[in-house]
Each structure stands twice: as C-alpha cells, then as structure tokens.
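The values are calculated or read from the model by the stated rules, or taken from the named source; none is laboratory data. In this text the structure is predicted, and so the values were computed from the model without any measurement. Positions of Cβ are generated from backbone atoms using ideal geometry, with glycine treated the same way; all protein chains shown enter the neighbour counts. The accessibility values were calculated without ligands, DNA or RNA, using every heavy atom of the protein model including side chains. Shrake-Rupley method; radii C 1.70, N 1.55, O 1.52, S 1.80 Å.
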Amino acid sequence: MHQFSYVRPTSLEEALRALQHSPEALPLAGGMSLLSAMKLRLAAPTHLVDLAGVPQLCGVREEGSSLVVGAMTRHAEVAASPIVKRCIPALAALAAGIGDRQVRNRGTIAGSIANADPAADYPSAVLGLNATIVTSRREIAGDDFFTGLFETALAPGELITAVRFPIPQKAAYVKFHQPASRFALVGVFAAIDRKGAPRIAVTGAKAFAFRALEVEEIIRQHGLAPDAVLGLQLSAQDMNHDLHADAEYRAHLVAVIASRAVDCLLRVER
Ligand SMILES: Cc1cc2nc3c(=O)[nH]c(=O)nc-3n(C[C@H](O)[C@H](O)[C@H](O)COP(=O)(O)OP(=O)(O)OC[C@H]3O[C@@H](n4cnc5c(N)ncnc54)[C@H](O)[C@@H]3O)c2cc1C
C-alpha cells in the first residue's frame, strides 16, 4: 500500500476540516470497499479521515413521517433496529441480506451509497423509497444521486451525514444474489408511497440503480399484478454482463424479480 496519513476526528467539524487538507483526502467508513481498493491501488488517498469517532453520524430515528439513518450506521444495526423494523421492515430485511456477518458489522449505509457499486443493495432502497441524501452541504434527491458506474453527485470533500427515507405504506425487497459475495445479480425494491403511488427500483442490472418505469406503469394501470410484470420483455441494451450473468439473462431476471417483489407487496402489511 502507498503511504497515507490517518486521522480519527471526534466531531463533524473536525472531520470536514481534515478532509480539506488535501484534494486527495478521503473519508473512511467501514473500509469494506475502500481498503480493498487501496490494496489494489485503485484508490490512493493521501489522507484517510476515519468517521467512526463522529457521534453525529450514528444512529437511527423516526422524524415525523420519515426514517432518518445516520451515515455511519452499520448494516447490522439497520437490520436489528426495532425502529427500522417498525417503520420500514423491508429496509431492515435488505440490510440483513448484505454480504456476510463481518461485512454487515463493518459496512455502513453512507459507505455503500457513496461507493455506488452497481450491485449494491441500498441504492435500490434510496430510489424505491424516494430517499433524500443529507450531506454536509445540501440535500440531494435520491433520483439525482447515482450518476454512473461507481459515480455519485457528491463533490470532493462533501460528506453524507444521513439518509432520510419517507415511510411508505408498504415495501418489499427481493434479490437474486451472487452466491459467493451475496451482491445482487438483480435486486428490486418495490414500494407504495404514502399517497398510493408505486416506486420500483432495480440494482445489479445496469451501471447504476434505476427506476423500472414500465413496472410502475403496470401497477398504475392494473394494480399489484405480478403476472403482468412477469410478462415484460425488457431490452438487454445497457444491461451489465460479466462472468456471473450476461445481459439477456439480467434483462429476463429484472422481470422475474420485479414480479416477485410485486407479489411480496400483495402479502406484506407494511
Ligand atoms: C465480501 C463482501 C461482500 C459484500 N456484499 C455486499 C452485498 O451483498 N450487498 C451490498 O450492498 N454490499 C455488499 N458489500 C459492500 C459493503 O456492504 C459496504 O457497504 C461497502 O463495501 C462500503 O461501505 P463501507 O462503510 O465499508 O465504506 P468504505 O469502504 O469505508 O468507503 C466506501 C466509499 O465511500 C466513501 N464514504 C464513506 N463514508 C462516506 C460519507 N459519510 N460521505 C461521503 N463518502 C463516504 C469512502 O471515501 C469510499 O470512497 C460487500 C463487501 C464485501 C467486502
């Protein structure tokens, strides 16, 4: 690994100051992606600013009709949180299905969405629940956050402080996972918002998570109709292809997994 300095601030202000030291400084959350990237020399920060000692970035709370999850909240905490289970059980279930025990105990919600891995689970919840990304500078609508493969709307030195999820009427997450890593080959987050409108978001299938507008249209026209969703013929253009699954297979999987997610919506109370 190349040389870098390491600091562990104890407040948000101190963390932001430390990040301004150099344009090559990076925040460190759970380290599950960043440390591997550094070992492989895909990332070479000169300063690592460890956010683990910043209490303002931790914890989960209900705020009016929203659930607010602090940036440094670990996947295992989201999975076990009674507040998350009560407000958005599908989000707790999503977190429980990430990686393995070690990854869930280290990985954080902000690390996951800032990393914007095309196969990560949380991005589908950000879009499916119409979440807002709260940063040290502004609030970014979930629909505007993911901009490309491992790319987001975050500016250098901008820190995610929390993610605000409007509590839906009901939601469900279904993923077809890659068996070794448990990353999504295709994952679909389906939700009916407070006003009764459907939001269906897909991860794993393209360079970054996206809304499946065709599925939302089917639900608007026919209600929660899994068979109608299953019949969708989606184009394989722009779909990911790798050694795990080719583009045509992923296009087919999107319809299958979306249909299962819609079917789950029929069964869940919340
Ligand atoms: C073996 C393995 C299996 C996995 N399986 C899955 C899976 O099934 N599903 C899934 O979704 N994910 C999976 N992951 C990814 C994992 O869940 C982590 O979420 C992810 O690695 C990044 O989170 P982290 O907290 O470790 O962030 P880090 O690795 O510390 O950081 C990742 C990036 O985010 C930036 N960052 C961190 N915090 C902030 C912040 N507050 N503001 C701005 N930028 C920030 C960092 O600078 C870095 O660029 C897996 C990872 C591994 C190693």
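Answer yes if at least one residue in region 147-157 is within 11 Å of the ligand (Cβ to nearest atom) and at positive phi, and no otherwise. The answer is yes; a qualifying residue exists. In the set I109, I167, I192, only one residue is open to solvent by less than 20 Å² (accessible area, probe 1.4 Å) and either hydroxyl-bearing (S, T, Y) or within 8 Å of the ligand (Cβ to nearest atom) (or both); that residue is I109. The residues of region 26-71 that are over 16 Å from G157 (Cβ atoms) and of a type in the set (V, I, T), listed by number, are V60, V68, V69.
Okay, residues lined up against (1) open to solvent by 10 Å² or more (accessible area, probe 1.4 Å); (2) among the acidic types (D, E):
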{"residue": "G204", "(1), (2)": "no, no"}
{"residue": "A207", "(1), (2)": "yes, no"}
{"residue": "A212", "(1), (2)": "no, no"}
{"residue": "Q221", "(1), (2)": "yes, no"}
{"residue": "L224", "(1), (2)": "yes, no"}
{"residue": "D227", "(1), (2)": "yes, yes"}
{"residue": "L243", "(1), (2)": "yes, no"}
{"residue": "A258", "(1), (2)": "no, no"}
{"residue": "A261", "(1), (2)": "no, no"}
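In region 45-59 there is no residue matching the filter, namely being within 14 Å of the chain's Cα centre (by Cα) and over 17 Å from N130 (Cα atoms). Picking from residues in region 38-79 that are within 22 Å of K170 (Cβ to Cβ) and in contact with a strand residue (DSSP E or B) (Cβ under 7 Å, 6 or more places away or on another chain), the one that is surrounded by the most Cβ atoms within 10 Å (Cβ to Cβ) is V69. When R17 is tested against (1) touching a residue at least 24 places away in the same chain (Cβ under 8 Å); (2) away from the ligand (no atom under 13 Å from the Cβ); (3) of a type in the set (K, R), exactly one condition is not met: (1). Taking region 229-241 as the range and being open to solvent by 20 Å² or more (accessible area, probe 1.4 Å) and either aliphatic (A, V, I, L, M) or closer than 16 Å to V174 by Cβ (or both) as the test, the residues that pass are L230, L232, L234, A236.
Conditions tested, residue by residue: (1) more than 13 Å from the ligand (Cβ to nearest atom); (2) in the same structural domain as R8 (by TED's automatic domain parsing); (3) not β-branched (V, I, T).
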| position | (1), (2), (3) |
| --- | --- |
| A29 | no, yes, yes |
| G64 | yes, no, yes |
| V78 | no, no, no |
| I83 | yes, no, no |
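Conditions: (1) touching a Gly at 6+ places or on another chain (Cβ under 7 Å); (2) modelled with pLDDT of 95 or more. R182 meets all but one. Number of the miss? The failed condition is (2).
Contact map, region 95-111: first residue farther than 11 Å from A76 by Cβ, second residue aromatic (F, W, Y) and buried (at least 22 other Cβ atoms within 10 Å of the Cβ), Cβ cut-off under 9 Å, separation 6 or more or different chains; pairs are G97/Y173; I109/Y122. In this structure, is A131 touching a residue at least 24 places away in the same chain (Cβ under 8 Å), crowded, with 19+ Cβ neighbours inside 10 Å, within 8 Å of the ligand (Cβ to nearest atom) and not charged (D, E, K, R)? No.
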